[in-house]
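Contents: one structure, followed by commentary.
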Amino acid sequence: MKLLFINSLKGLINKKIQITGLILLIAISATMYVAANVAINQVEDGYYAYLNEQNVEHFSFLPSFDETKLTVNDLQLFEDENLSEEENLLLLQITQCLEANTCNEQQLFMLRNLFSTYNKMLYINLEEVEKLANEKDFYYELEKSKIKINEKVYYKAIPINLDKKINKPYLLEGNFPVEENEITILPSYAEAKGLNIGDTYELNEVEYKIVGTAFASDHIYPIVSLNVPIFNEETNNIMFMTNETYDKFTGLEEKIYVARYNEDLPFNERDLFGEETIFEEDAISFTPSSIARFIRVEAIKGDLEPNKTFSNIFVNVLLVISGVIIVIIVKKRIESEKTQVGILKSMGYKASAIASSYLVYPIISVLAGSLIGYFIGMYLAEPLTNVYVSFYNVPLKPFELEYEYISRIFITPMLVLALISFLTAMLMIRKKPLFLLKEGSNIKVNFLTRLSNKILRKTKFKTRFKYSLAFRSIGKLLIVTIVSFASGLLITLVLIGNGLFSSIIDETFGNMKFDYIVAYNGFIPGENEEADQFLIIDNEISKKITDGKEVELEEEIEISLSGIDDDLKYFELKDDKGNDILELIDSDTDVLISYRISELNEIKVNDTIVVLINGEEIELTVAGIYQDYFSSSVFMNREYLSVLYSFEAPVYNQIYTTNPKYDLDGELEESELEKIAGQFSVRDLEENITSQVEAMDLVLYIVVVFAAIMSFIIMLVVANIVVEENRKNISLMKVLGYKNKQIGSIVLNIYTPFILISYLIAIPVMIKIVKELLEIFADDLEMAIPITISFSQVLIGMFAILGAYYMGMAISRRVLNKITLAEALKRE
Amino acid sequence: MEKIIAQDISKVYCIDDRDFYAINDLNLEIKKGEIVVVLGPSGSGKTTLLNVLSGLDTVSVGNVFYDKENIAKYSDRKLTAHRRLKSSFVFQNYNLLENLTVYQNVMIGSEIASEKTDIDEIISVVGLKNHIKKKPHQLSGGEQQRVSLARALAKNPEVLFCDEPTGALDEKTGKNVLEKLIKVNEKYNTTMIIVTHNPSIALIGDRIIKMNSGRIVSDEPNKRVKPTDISWG
């Protein structure tokens, strides 16, 4: 046994290219796995420990608020507030209508806005909340914070309270504030701005002293304000300060209840959306802020899980490819040692003992590949961890070598490849010794060879000879085809993945003529000459009618019904060819839907969609599809939409403009500021998304580079196998007097058409795979990403795959050319 | 005492729906320590006879007794064990393991032997003492065949089956290999069955069996002639 092992081990030298290829594939797979998993596990372990140690909220809520059930007594909550004249007038009107029970929808809507503006929703319906907390076994506490924008930096001020039960603050360095005007800041902000503990910091003409860096434990993904949903370490800062300092801090205050279950269930085992979900309880309600808070705590999972899944799938795919290669190597080696194996069997060696000697291939390749991969992976894990840490505020757990790593990169591939090698060897060795001792090839003429001869009978001898050689062994042909297919998949991934996300951003923002989006608290009547006006109201598509047939939807499609005018100055709606399609809104019921809505819900032009407005089903006709991968807006005539919602004249609640007075730093009059719910700078958003997408592109580039290397290695191995396979033919042709060039064109090119066909089949398959994968992402990201490949890209891919193949062949041929004719014949 | 007894054995192959008898109703007894040379033209059935006597192949009809054990009834696994413990082979093509040295190639035989054998002694018997560290491709054909012989002997076999052992060798090296075979027989009293188409070689045996069309046409005793004294055919 030992000697058979030594024999196989020394035989590795003859398979240098194939074994090196295999080792590299395993090394890449191990690198990806180790780097991704070490980074992810460090962040993930830190994340879950942090959630439990800091008692991070499970959910946040406001007591349910139903304006139709309000009484005059509830209006007393405003007694201590310093209301404007307009608000006082409104309150008076509502008091009267509530008493007479004659309030209309518009008045109730305004009343709701008033409760919302002054945070009075917090104090309605509290008894019901208490009852629910007892029933569902959760506890809750009020949490407050203030947001202030200064020089484009969003500041969130939170009063320090070390006795808090939920969302306990986490101190990284220094101390929590105890004196007036002492603050802690985010470590990422401190680093981005070069601030240190002990520095002073001026804001709102107040000088603050930095006494430490700290995380707000519910800000794992630190969205400071809903206006800037994408975290930017240079423009987002969270500050803890004493209650006194907080009270003096000027900014928009947000108050909300945060809650955590009493039950001591680990965070990752709790299914907040399960059957008994809290989100459907009547006593409490969830605001956009609750959702933002939820994203802050949960968003990290959306990043970690797919990456982990991807790295696991990647490892498995590479394991399959490695399996195919090891089958080829073992098969080839046994074929070349067929008679020796026959001798060993005739001597009385058991088939299993001989087969075991071939385990040297998986053992060596896995040991070498995994070791290389492990060290490179560990080296790459640190920068990768830093990428996560730059997005999420989570204290890391120190690295621990987990059994899972060893198992996945050493034990599993070793076992799988060993089993494959052993079974392959057993299948070939189990034959009787006499069969193995027979001289010459045992390959019979198969039906494919006969068929190809029939089909090609009128072609040149060279062509017929070439194809009969290729079809001679269906197994080898199949292996070359499968491996080329895998390489084709990877090359297609390279082609479609290159700069995918950046190009979407360019396409989305490149043509925008407006700089600011301003949303109002209520509905503004009249015209704003400096802007395009929109009436945006959330709604749902409940049905769609396609080709005259009504299709019930599995669930309603959430949309924003957006009323627009036909003379837009800044806002454009274009189709996939870049044509302006605003004029397609020809009648009141014509609408334009986004590519995203169309793609995710299979709605096409001329379909009818049904929405519910004031209890009435309104049918709208899809007149066109505008090119937007993120939007869920359905555009229609603003005047008609205002009528549908019972407004006497056209109103708007959002504008798109280029006027710099609407910038966050702009100077708006106090009266106008009061009406504004949010100001949004498109260019800031573009900048934010670009920085986020650059990170996504970076990940994609890493995948692309790995995919390119892998496909090159695979093709190199395939080429080497083709040359090895045809040693006998080559040497015979040399003896017959064929020139190297002629041999190349006949023998070495036999698989070229099959490689090309495999590549061409791989293209639509990979596009489908990426589309399916992105659909999963798109659901999370609320976007639909178009996946296409141009003809020139197909050609580039073709040159790449053939280039790698011929390069591999050239390397292998060099070795072959060194063998003399006599030697080549003698070996066979 | 008979070592091997073949009783009414036939080996039938079906070719194009017709039965072809490679061995046809053959009977044979071989004594311990005997050198039996099986002679015959190509296709006479001599290699098939060697295969069924050694347990490399099975008979279609009849029995093959080996020390009174009927190996014709053995399963594949038992046949493998039988070959491992009782017999060894030398083929026309040496089929050595290319990546191992001469010494290691011989060791391959001793690794599965029931009793440990003295490798150095065997190597010295076949005259390869000065080549133990060489790889097969560094040896001549005769030397490679002697390694193959040493590998076969390293198992300490009771019977040595040789199929055209000098078929690929020239006269000088062929005679040299035959000398070694006789030396082994004399030293270890190993029973030997040698198949050849070369009538000159037959003279080294104690018995010469001639075959044709799957049958024994003559089976006569012979007085051994030294390999150096035979004229190479």
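The values are calculated or read from the model by the stated rules, or taken from the named source; none is laboratory data. Bear in mind that the values here come from a model prediction, so they are computed numbers and not experimental data. Note that we place each Cβ from the backbone using ideal geometry, even for glycine, and neighbour counts take in every protein chain shown. Only protein heavy atoms, including side chains, enter the accessible area calculation; ligands, DNA and RNA are left aside. Shrake-Rupley method; radii C 1.70, N 1.55, O 1.52, S 1.80 Å.
Do we have any residue at all in region B:92-104 that's part of a loop (DSSP other than H, G, I, E, B), within 14 Å of another protein chain (Cβ to nearest Cβ) and modelled with pLDDT of 90 or more? Yes, because at least one residue in region B:92-104 is part of a loop (DSSP other than H, G, I, E, B), within 14 Å of another protein chain (Cβ to nearest Cβ) and modelled with pLDDT of 90 or more. Restricted to region A:515-559, and to residues there that are at pLDDT 85 or above and of a type in the set (Phe, Trp, Tyr), the residue that is most open to solvent (accessible area, probe 1.4 Å) is A:Tyr516. Taken over region A:348-357, residues that are facing chain B (nearest Cβ under 7 Å) and open to solvent by 20 Å² or more (accessible area, probe 1.4 Å) amount to 1.
Quick check on my filter: what residues within region A:597-633 are open to solvent by less than 30 Å² (accessible area, probe 1.4 Å) and part of a helix (DSSP H, G or I)? Steps first, answer last, please.
Initially, region A:597-633 is screened for residues open to solvent by less than 30 Å² (accessible area, probe 1.4 Å), giving A:597-598, A:603, A:607-611, A:613, A:618, A:620, A:622-624, A:626, A:629, A:631, A:633.
Listed by number, the residues that qualify are A:Ile597, A:Ser598.
Suppose we keep only residues that are modelled with pLDDT of 80 or more and crowded, with 23+ Cβ neighbours inside 10 Å within region A:304-336. Which one would you say is farthest from the chain's Cα centre (by Cα)? Only one residue tops the list, namely A:Val330. Going residue by residue through region B:176-186, is there one that turns out to be of a type in the set (Val, Ile, Thr), open to solvent by less than 30 Å² (accessible area, probe 1.4 Å) and under 30 Å from B:Asp19 (Cβ atoms)? Looking for residues that are of a type in the set (Val, Ile, Thr), open to solvent by less than 30 Å² (accessible area, probe 1.4 Å) and under 30 Å from B:Asp19 (Cβ atoms), one finds none in region B:176-186, hence no.
A Cβ distance below 8 Å, combined with a sequence gap of six or more or placement on separate chains, defines the contacts here; from region A:300-314, residues that are farther than 16 Å from A:Asp45 by Cβ reach residues that are acidic (Asp, Glu) and open to solvent by 60 Å² or more (accessible area, probe 1.4 Å) in the pairs A:Gly302/A:Asp780. For A:Leu592, the stated conditions do not hold, so it cannot be described as modelled with pLDDT under 90 and not in a helix (DSSP H, G or I). If you take the residues of region A:483-514 that are touching a Leu at 6+ places or on another chain (Cβ under 9 Å) and either crowded, with 17+ Cβ neighbours inside 10 Å or within 30 Å of A:Asn720 (Cα to Cα) (or both), which of them is modelled with the highest pLDDT? Among residues in region A:483-514 that are touching a Leu at 6+ places or on another chain (Cβ under 9 Å) and either crowded, with 17+ Cβ neighbours inside 10 Å or within 30 Å of A:Asn720 (Cα to Cα) (or both), the one modelled with the highest pLDDT is A:Gly488.
Sub-8 Å Cβ pairs linking a first residue in region A:196-208 that is of a type in the set (D, E, K, R) to a second residue that is outside any strand (DSSP E or B), at least 6 apart or interchain, are A:Glu207/A:Asn181, ordered by first then second residue. Per the listing A:Asn88, A:Asn82, the residue uniquely in a helix (DSSP H, G or I), without any contact (Cβ under 8 Å) to a residue 12 or more places away in the chain and not assigned by TED's automatic domain parsing to the domain that holds A:Val327 is A:Asn88. Could you list, in sequence order, the residues of region A:136-152 that are at pLDDT below 85 and of a type in the set (A, V, I, L, M, F, W, C)? Across region A:136-152, the qualifying residues are A:Ile147, A:Ile149.
Does region B:49-56 include one or more residues that are outside any loop (DSSP other than H, G, I, E, B), within 9 Å of another protein chain (Cβ to nearest Cβ), surrounded by 22 or more Cβ atoms within 10 Å (Cβ to Cβ) and touching a residue at least 40 places away in the same chain (Cβ under 8 Å)? First the steps, then the outcome.
Our first condition is that a residue be outside any loop (DSSP other than H, G, I, E, B); within region B:49-56, this holds for B:49-54.
Of the ones still in play, those that are also within 9 Å of another protein chain (Cβ to nearest Cβ) are B:51, B:54.
In the following step, the residues that additionally are surrounded by 22 or more Cβ atoms within 10 Å (Cβ to Cβ) were identified as B:51, B:54.
Right, trim to touching a residue at least 40 places away in the same chain (Cβ under 8 Å) and you get B:54.
Checked region B:49-56: at least one residue is outside any loop (DSSP other than H, G, I, E, B), within 9 Å of another protein chain (Cβ to nearest Cβ), surrounded by 22 or more Cβ atoms within 10 Å (Cβ to Cβ) and touching a residue at least 40 places away in the same chain (Cβ under 8 Å).
Just so you know, in region B:76-85 the residues that are at the interface with chain A (Cβ under 8 Å from one of its Cβ atoms) and among the hydrophobic types (A, V, I, L, M, F, W, C) include one that is nearest to B:Gly174 (Cα to Cα), and it is B:Leu85. Going through (1) part of a helix (DSSP H, G or I); (2) open to solvent by less than 20 Å² (accessible area, probe 1.4 Å); (3) within 12 Å of another protein chain (Cβ to nearest Cβ); (4) polar (S, T, N, Q) one by one, B:Ser88 falls short only on (1).
Of everything listed in (1) surrounded by fewer than 20 Cβ atoms within 10 Å (Cβ to Cβ); (2) under 22 Å from A:Tyr645 (Cα atoms), the single unmet condition for A:Val591 is (1).
Restricting region A:812-824 to residues that are surrounded by 15 or more Cβ atoms within 10 Å (Cβ to Cβ) and more than 14 Å from A:Gly744 (Cβ to Cβ), the residue that is modelled with the highest pLDDT is A:Ile819.
Going by the conditions given, is B:Lys133 assigned to a loop (DSSP other than H, G, I, E, B) and more than 9 Å from every other protein chain (Cβ to nearest Cβ)? Against the criterion (assigned to a loop (DSSP other than H, G, I, E, B) and more than 9 Å from every other protein chain (Cβ to nearest Cβ)), B:Lys133 qualifies. Residue-level analysis places A:Tyr33 outside the set of residues that are open to solvent by 20 Å² or more (accessible area, probe 1.4 Å) and either at pLDDT below 85 or more than 14 Å from chain B (Cβ to nearest Cβ) (or both).
A search for C-beta distances below 7 Å between a residue of region A:333-347 that is more than 9 Å from chain B (Cβ to nearest Cβ) and closer than 19 Å to A:Phe5 by Cβ and any residue that is assigned to a helix (DSSP H, G or I) and of a type in the set (Gly, Ala, Ser), counting only pairs 6+ apart in sequence or on different chains, returns A:Arg333/A:Gly11; A:Ile334/A:Ala425.
Looking at the structure I just gave you, is B:Ile230 farther than 18 Å from B:Gln145 by Cα, open to solvent by less than 30 Å² (accessible area, probe 1.4 Å) and more than 19 Å from the chain's Cα centre (by Cα)? Yes: the conditions hold for B:Ile230. In the set A:Lys10, A:Lys15, only one residue is within 14 Å of chain B (Cβ to nearest Cβ), buried (at least 18 other Cβ atoms within 10 Å of the Cβ) and not hydrophobic (A, V, I, L, M, F, W, C); that residue is A:Lys15. Residues of region B:105-127 that are away from chain A (no Cβ under 12 Å), under 19 Å from the mean Cα position of the chain (by Cα) and assigned to a helix (DSSP H, G or I): B:Ile122, B:Ile123, B:Val125.
Of the residues making up region A:401-419, not a single one is under 30 Å from B:Ser54 (Cβ atoms) and either touching a residue at least 12 places away in the same chain (Cβ under 8 Å) or assigned to a helix (DSSP H, G or I) (or both).
Of everything in region A:424-440, what is open to solvent by 40 Å² or more (accessible area, probe 1.4 Å) and either under 22 Å from B:Val90 (Cβ atoms) or free of Cβ contacts under 8 Å to residues at least 60 places away in the same chain (or both)? Give them in sequence order.
Those that are open to solvent by 40 Å² or more (accessible area, probe 1.4 Å) and either under 22 Å from B:Val90 (Cβ atoms) or free of Cβ contacts under 8 Å to residues at least 60 places away in the same chain (or both): A:Leu427, A:Lys431, A:Lys432, A:Leu434, A:Phe435, A:Lys438, A:Glu439, A:Gly440.
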